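One structure below.
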Amino acid sequence: MNECFIGVDNRLFIVNTVEMKVISEIDLQSFFVDVVELANKGIIVIEEIGVGLYESTGGRIWFTPTDLIENYLVENDTIIVTTDTGKIKLSILTGKELI
């Protein structure tokens, strides 16, 4: 891939590193924390108070608000998020909490 991700405050830029040009700009719900690229599924964006799945073109598929995120783990088809009030396990496909 010739792309990189640059998070600035509550925005995420997807940049083509060959052409040095912004491909997409995503307005986030809260401050950017991290991004995880998924093979053929898009990108998981970890925000200060939520998790979202976006297409590589920047379109949002789902967003799940959370309490303040302290840590996270992407594992198979789930995301385990540790917040200041506990842990939640989310489905990558739907963003819904798994029990």
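Rule-based calculations on the coordinates, nothing more; no lab input. Being a predicted model, the structure only gives us computed values, none of them experimental. Quick reminder, even Gly has a Cβ in these numbers, built from the backbone with ideal geometry, and neighbours come from all protein chains shown.
What to note about this one:
- Here region 18-43 is the region considered, the condition is being farther than 23 Å from residue 74 by Cβ and not charged (D, E, K, R), and the residue that is nearest to the chain's Cα centre (by Cα) is 22.
- Listed by first and then second residue, the pairs with beta-carbon distance under 7 Å, at least 6 apart or on different chains, first residue in region 82-99 and over 14 Å from residue 42 (Cβ atoms), second of a type in the set (Lys, Arg) and assigned to a strand (DSSP E or B), are 97/89; 98/89.
- Some residue of region 61-81 being surrounded by 14 or more Cβ atoms within 10 Å (Cβ to Cβ), of a type outside the set (A, V, I, L, M, F, W, C) and part of a loop (DSSP other than H, G, I, E, B): yes
- Inside region 1-40, residues that are in a loop (DSSP other than H, G, I, E, B) and under 23 Å from residue 82 (Cα atoms) make up a count of 6.
- Test: residue in region 48-64 that is within 13 Å of residue 10 (Cβ to Cβ), of a type outside the set (Gly, Ala, Ser) and within 8 Å of the chain's Cα centre (by Cα): no
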